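A quick write-up on the structure given underneath.
The values are calculated or read from the model by the stated rules, or taken from the named source; none is laboratory data. Here the structure is a predicted model, which means the values were calculated and not measured. Note that each Cβ is placed from the backbone with ideal geometry, even for glycine, and that neighbours are counted across all protein chains shown.
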Amino acid sequence: MNTFLKQGIIGALMGFIMSFIMNYFTTPVPDTLMDHAIGHGITGTISGFMGGFMGIMGYYAQQRKNKKAEVKDA
């Protein structure tokens, strides 16, 4: 569980940084409300992907660590 929390925090931080960069450089001051909504939709998608990806990678790392411990104990 500790690994999942760490990976979630790392994924959230990566998503925050990506959203900040995308909104700052790509759509800093949108002309219309629709441009603003599309910009946030794109960065939200990227942030969600990064957070999910980090969660999956943390899960696989934990599984690999547990498998190595089982082999070592046997």
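Points to keep in mind about this one:
- Reported count of residues in the stretch 24-45, each being modelled with pLDDT under 75 and within 19 Å of the chain's Cα centre (by Cα), is 0.
- Filter result (charged (D, E, K, R) and in contact with a Ser or Thr (Cβ under 7 Å, 6 or more places away or on another chain)) within the stretch 22-52: Asp35
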